[in-house]
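Report on the structure given below.
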Amino acid sequence: MTKIAVLVSGGGTNLQALIDAQKKGIIKSGEIALVVSNNPNAYALERAKKAGIATAVIPGKEYKDQSEFEAKLVETLETAEIELIVLAGFMRILSENFTSRYTRRIINVHPSLIPSFCGKGFYGLHVHEAALAYGVKVTGATVHFVNEIPDGGEIILQKSVQIRKGDTPEVLQRRVMEQAEWKILPRAVELVSKEMKKKKEGK
Ligand code: GAR
């Protein structure tokens, strides 16, 4: 079993999709061992507790700088012997110092078809506001490996979603989650966990 940590900052609907996928056996090569939040009030923490998953809170504000925050994060992940890190609505950019420690072992879900509407400043609802302002007819979600370039790592899975007349950013966000994010994130987690498991077993 690949030991997985899910990093969150907010509502945690993607975390919920992962928990449900694990229950249903869609994720079977990995196990969610830890949920880490940089926001003490994240509802995602409640979801983890309800599912009996260990949680850790690392409040960004309490650390002098990014490197101290990341040092605490590394310590937390190492203590739990985490092998795969999943960013599921984690609203903090990680530095190269962190990402280079975990090459092809961090994955992220982003609510657009990368390379559209991604990179610095494109997160959460802003992504959907930008897609609607541009007038694209199709958007979607992407799961990718995380490297030092925000939203720039290798793409694992993508799924498109139609934009409809009269869409608001909130309506579109929900459709992208339901039709794309909650489906491709669990599938990508299983794909990567399975690969990691095979490598460990020397297959
Ligand atoms: C999701 O739409 C996720 O793709 C997005 O934030 C939302 C979090 O929702 N992430 C980013 O924009 C990262 N750049 P959730 O907490 O309910 O999973």
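The values are calculated or read from the model by the stated rules, or taken from the named source; none is laboratory data. Quick caveat: nothing in here was measured; it's all calculated off a predicted structure. All Cβ positions, even for glycine, are placed from backbone atoms using ideal geometry, and neighbour counts span all protein chains on display. Keep in mind that these areas ignore ligands, DNA and RNA; they rest on the heavy atoms of the full protein, side chains included. Shrake-Rupley method; radii C 1.70, N 1.55, O 1.52, S 1.80 Å.
A few comments on the model shown:
- Positive minus negative residues near Met91 (Lys, Arg vs Asp, Glu; Cβ under 14 Å): +2
- Note on Glu46 and Glu75: with the Förster distance fixed at 25 Å, the Cβ-Cβ geometry gives a FRET efficiency of about 0.55.
- Taking a point 7 Å out from the Cα of Gln66 in the direction of its Cβ, the residues of the stretch 144-179 whose backbone N falls within less than 19 Å of it are 145-154.
- Rg/Rh for the stretch 40-120 stands at 0.96; both radii use Cα atoms, and Rh follows the Kirkwood definition.
- For the residue pairs Lys23/Lys203; Lys137/Lys198; Lys120/Lys203; Lys61/Lys165, alpha carbon separations beyond 30 Å are given by Lys137/Lys198; Lys120/Lys203; Lys61/Lys165.
- Multiplying the residue separation of Lys165 and Lys200 by 0.36 nm and subtracting their alpha-carbon distance yields 7.7 nm.
- 26 Å tail of the calculated P(r), the chain, as % of Cα pairs: 30
- Accessible surface area normalised per residue over the chain is 50 Å², counting heavy atoms of protein chains with a 1.4 Å rolling probe.
- Split the accessible area of the chain by element, probe 1.4 Å, and carbon with sulfur accounts for 51%.
- Distance in nm between pseudo-label sites at Val138 and Ser100 (7 Å out along the Cβ direction from Cα): 3.8
- Coil-residue GluC sites (Glu not before Pro) of the stretch 128-181, DSSP, other Cβ within 10 Å capped at 10: Glu154
- Candidate residues Met196, Met1: accessible-area rank, largest first, probe 1.4 Å: Met1, Met196
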